[in-house]
Amino acid sequence: MQPKTRTQYVADAIRDKILRGEIKGGDPLRQDALAKEFDVSRIPVREALLTLESEGLLEFHAHKGAFATELSTDKIRELFELRVLLECHMLAHAIPLMSDADLDAAEAILQEYETILNTGSRVDHWSNYNFAFHKALYTPANRPETMQLITQLNTQSDRYIRIQLLHTAGVAKAEAEHRELLVLCRERNTEAACALLKRHIEVSAEDIIGLLDQQKQGK
């Protein structure tokens with residue numbers, strides 16, 4: 001594995017702060033302050049911010065600089081509608097091509113995911129395991145361009161998925177649906193698997209919107 005460039009190091013660190021909620025929606029990202037924090041020049045900071053802009057995690061305002069994005073209810077719905085379209089499409093193409101080894105690999109990820117959920121450990125990695133499981137199911141389709149779009153959508157959704165998973169009801173529901181989805185994939189029941197995946201993503205969006213509304217009302 002090649003060592004990270006300064007730009008990659010800074011981008012990874014800022015992304016992590018955004019996804020953890022240390023940098024909240026609407027917060028400014030000052031290039032001078034970031035360069036000082038990471039002990040680099042402004043060039044890798046600028047390049048890192050452009051990378052994060054392409055991922056939808058921040059946006060540049062004219063004459064004001066970069067700000068972490070804050071997703072509206074409409075934008076959350078749009079992101080998750082796109083996820084439904086692309087991920088169900090991907091799963092439908094993947095299921096006929098899945099080998100037992102592919103399914104076993106997905107199950108291994110799911111088992112580890114369930115372990116850390118049930119023990120309440122490694123909270124910061126919950127959403128990573130969540131996407132890793134889904135990605136393992138989509139990979140047999142061998143559609144790298146679609147996978148890249150799905151990955152970008154999940155990156156943009158990540159901090160909100162984290163909010164959902166931190167609530168017990170969301171965790172229990174996710175565990176049950178992931179197990180059922182894996183069973184349907186093993187049975188090669190494409191229609192039922194895609195219907196479950198569609199419902200799984202749509203309900204997640206509504207849960208997240210509900211949680212965000214509660215947070216706003218609590219302010």
Open to solvent by 40 Å² or more (accessible area, probe 1.4 Å), of a type in the set (A, V, I, L, M) and modelled with pLDDT under 85, is that true of LEU166? yes
Hey, LEU49 under 18 Å from the mean Cα position of the chain (by Cα) and either hydroxyl-bearing (Ser, Thr, Tyr) or open to solvent by less than 50 Å² (accessible area, probe 1.4 Å) (or both) or not: no
Check segment 142-152 and report whether any residue there is out of contact with any Phe, Trp or Tyr (no Cβ under 8 Å at 6 or more places or on another chain), of a type outside the set (S, T, N, Q) and open to solvent by less than 60 Å² (accessible area, probe 1.4 Å). no
When PHE60 is run through (1) touching a residue at least 40 places away in the same chain (Cβ under 8 Å); (2) open to solvent by less than 70 Å² (accessible area, probe 1.4 Å); (3) not in a helix (DSSP H, G or I), the failure sits at (1)
Condition test on ASP74, is it modelled with pLDDT of 95 or more, more than 18 Å from LEU196 (Cα to Cα) and either out of contact with any Leu (no Cβ under 9 Å at 6 or more places or on another chain) or open to solvent by 60 Å² or more (accessible area, probe 1.4 Å) (or both)? no
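The values are calculated or read from the model by the stated rules, or taken from the named source; none is laboratory data. Note that this is a predicted model, so its numbers are computed, not measured. As a convention, Cβ positions derive from the backbone with ideal geometry for all residues, glycine included, and neighbour counts pool all protein chains shown. For accessibility, only protein heavy atoms count, side chains too; no ligands or nucleic acids. Shrake-Rupley method; radii C 1.70, N 1.55, O 1.52, S 1.80 Å.
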